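The values are calculated or read from the model by the stated rules, or taken from the named source; none is laboratory data. Predicted model, so just to flag it, every value in this text is computed and none were measured. Ideal geometry is used to build each Cβ from the backbone, glycine not excepted, and the neighbour counts take in all protein chains shown.
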Amino acid sequence: MRTRRREVLGFLGVGGVAYAADLAVFLLLRRTALDPLAAKALSFLAGCTVAYLGNALGTYRRRALDLRRYAIFFGVNLAGAAVQVACLGVSRHGLGLTSPLADTVSGLGIGMVLATFLRFWGTRTLVFGVRG
């Protein structure tokens, strides 16, 4: 139980730092002439890289970093992003909820929670091979 608690707290802490990196890179790139979608793609890549390094070196204590694990980790994070977009899509187009509050609740609230569970499971089992 103590190990699982440390793992969850480590994962969430690393995720917070990765989110901050994603946000900082996006805001920095938006000050340039770079297209917003390109800026978001680069900031997502930066956030994924920070999260992978934090989880590999901290949460799951793998000293050997490898490109295969990173590629799987990136795929897990893309799946998490797809969950958030899907929640927003269901809210807006399926339920007809189009207010800024509804967008925030569906995309950044419900979507983020579901995506975090998916990312935790995927990181734990598919990337770092932790069972149980």
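From the list A79, A64, the lone residue that is of a type outside the set (S, T, N, Q) and part of a helix (DSSP H, G or I) is A79. For V14, the requirement of being without any contact (Cβ under 8 Å) to a residue 60 or more places away in the chain, assigned to a helix (DSSP H, G or I) and surrounded by fewer than 19 Cβ atoms within 10 Å (Cβ to Cβ) is not met. The condition of being more than 21 Å from L108 (Cβ to Cβ), out of contact with any Ser or Thr (no Cβ under 7 Å at 6 or more places or on another chain) and exposed (fewer than 13 other Cβ atoms within 10 Å of the Cβ) holds for only one of L67, L34, L27, L57, that being L67. Of the residues making up the stretch 20-69, those that are under 21 Å from L9 (Cα atoms), hydroxyl-bearing (S, T, Y) and in contact with a helix residue (DSSP H, G or I) (Cβ under 6 Å, 6 or more places away or on another chain) are Y52, T59.
Anything in the stretch 76-115 that is touching a Leu at 6+ places or on another chain (Cβ under 8 Å) and polar (S, T, N, Q)? List them, or say none. Passing the criteria: Q84, S91, S106. Restricted to the stretch 17-59, and to residues there that are β-branched (V, I, T) and part of a helix (DSSP H, G or I), the residue that is nearest to F120 (Cα to Cα) is T59.
Condition (residue is surrounded by 14 or more Cβ atoms within 10 Å (Cβ to Cβ), farther than 23 Å from L126 by Cα, under 16 Å from the mean Cα position of the chain (by Cα) and not acidic (D, E)) applied to the stretch 78-87: is it met by at least one residue? For the stretch 78-87, residues surrounded by 14 or more Cβ atoms within 10 Å (Cβ to Cβ), farther than 23 Å from L126 by Cα, under 16 Å from the mean Cα position of the chain (by Cα) and not acidic (D, E): present.
Somewhere in the stretch 89-111, is a residue outside the structural domain of D22 (by TED's automatic domain parsing), within 20 Å of V14 (Cα to Cα) and in contact (Cβ under 8 Å) with a residue 24 or more places away in the chain? Yes - at least one qualifying residue is present in the stretch 89-111.
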